[in-house]
Amino acid sequence: MRGVTVWFTGLPSAGKTTIAETLAQRLRGEGGRVEVLDGDAIRESLSKGLGYSRQDRETQILRVGFVADLLARNGVTVLAPLVSPYAAARDEVRRLHAKSGTPFLEVHVATPVEVCAERDVKGLYAAQRSGEISGLTGVDDPYEPPAAPEVRLETQRRTLSDSVYTVYVELVKRGLA
Ligand SMILES: Nc1ncnc2c1ncn2[C@@H]1O[C@H](COP(=O)(O)OP(=O)(O)OP(=O)(O)O)[C@@H](O)[C@H]1O
Ligand SMILES: [Mg+2]
């Protein structure tokens, strides 16, 4: 099977990790070689020490993109859920894949900020409101939505399994699942 990188971008609590992990289970059940490069996990290892400044966020995106390309060009299905707020950095990752001839799909998990703030899985939105933290993507830090993602998921209007299936179908269409 050819490898691919599926890049999930969106606001905190949008559903990136949940959708990617559920898709990973499905693909593994079918015998696929799948690696999930979750932004949070990478920040505890490869990107330990990076913060949330513009420069650090950019570095995080490019590092994950680099590893994703390495794995995907060697036949792994890489699912990369990370906020990745900057369009230019995501485009650089796309170019890296194009250069190595590796398929790349950008999935915009386009959950509105109000819905994300209600879900607030990690309590970040509440912490921002109380002044405990600042620089929260989509609230007081920029989020640049992709102009032409391969897939856009409006999770406030879709079930989890519908979102997972939509991405799965895009992979099947391209002969990547
Ligand atoms: N239709 C849906 N699709 C995906 N997730 C949903 C949906 N409806 C509710 N949820 C819930 O929304 C939450 C999304 O959290 P998740 O950790 O996946 O977000 P995230 O985008 O990875 O955030 P972060 O950037 O902070 O890691 C989960 O608790 C999930 O169960
Ligand atoms: Mg996540």
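Coordinate-derived values only; no laboratory data. Owing to the predicted nature of the structure, the values given are computational and were not obtained by experimental measurement. We place every Cβ from the backbone using ideal geometry, glycine too, and count neighbours over all the protein chains shown.
Key figures
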quantity: Against the rule of thumb 2.2 N^0.38 Å, how large the Cα Rg of segment 1-83 comes out; calculated: 1.08
quantity: Relative contact order %, the chain, counting alpha carbon pairs below 8 Å whose residues are six or more apart; calculated: 34 percent
quantity: Computed over segment 50-103, Kirkwood Rh from alpha-carbon pairs, angstrom; calculated: 11.4 Å
quantity: Whole-Hz couplings from phi, Karplus 6.51/-1.76/1.60, listed for segment 130-139; x for Gly and Pro; calculated: 7, x, 5, 10, 9, x, 8, 3, x, 10
quantity: Packing-based exposure ordering (other Cβ within 10 Å, fewest first) of Val78, Val113, Val167; calculated: Val113, Val167, Val78
quantity: Longest DSSP-loop-exposure-free segment, GluC sites (Glu not before Pro), the chain, at most 15 other Cβ within 10 Å; calculated: 45-131
quantity: Percentage of interatomic Cα-Cα distances in segment 85-157 larger than 21 Å; calculated: 39 percent
quantity: Most mobile listed residue (Asp69, Asp140, Asp120) in the chain, GNM with C-alpha springs under 10 Å; calculated: Asp140
quantity: Whole-number Å³ per residue for the convex hull built on Cα positions in the chain; calculated: 107 Å³
quantity: GNM flexibility winner over the chain from Gly49, Gly123, Gly39 (Cα, springs under 10 Å); calculated: Gly49
quantity: Where trypsin sites (Lys or Arg not before Pro) fall in DSSP loop in segment 1-109, at most 11 other Cβ within 10 Å; calculated: Lys48
quantity: Entries of Lys16/Lys48; Lys99/Lys122; Lys122/Lys173 with Cα pairs more than 27 Å apart; calculated: Lys99/Lys122; Lys122/Lys173
quantity: Length-normalised contact order of segment 46-89 in % [C-alpha pairs under 8 Å, at least 6 apart]; calculated: 38 percent
quantity: Rounded to the nearest 20 debye, dipole of the chain from Cβ charges on Lys, Arg, Asp, Glu; calculated: 600 debye
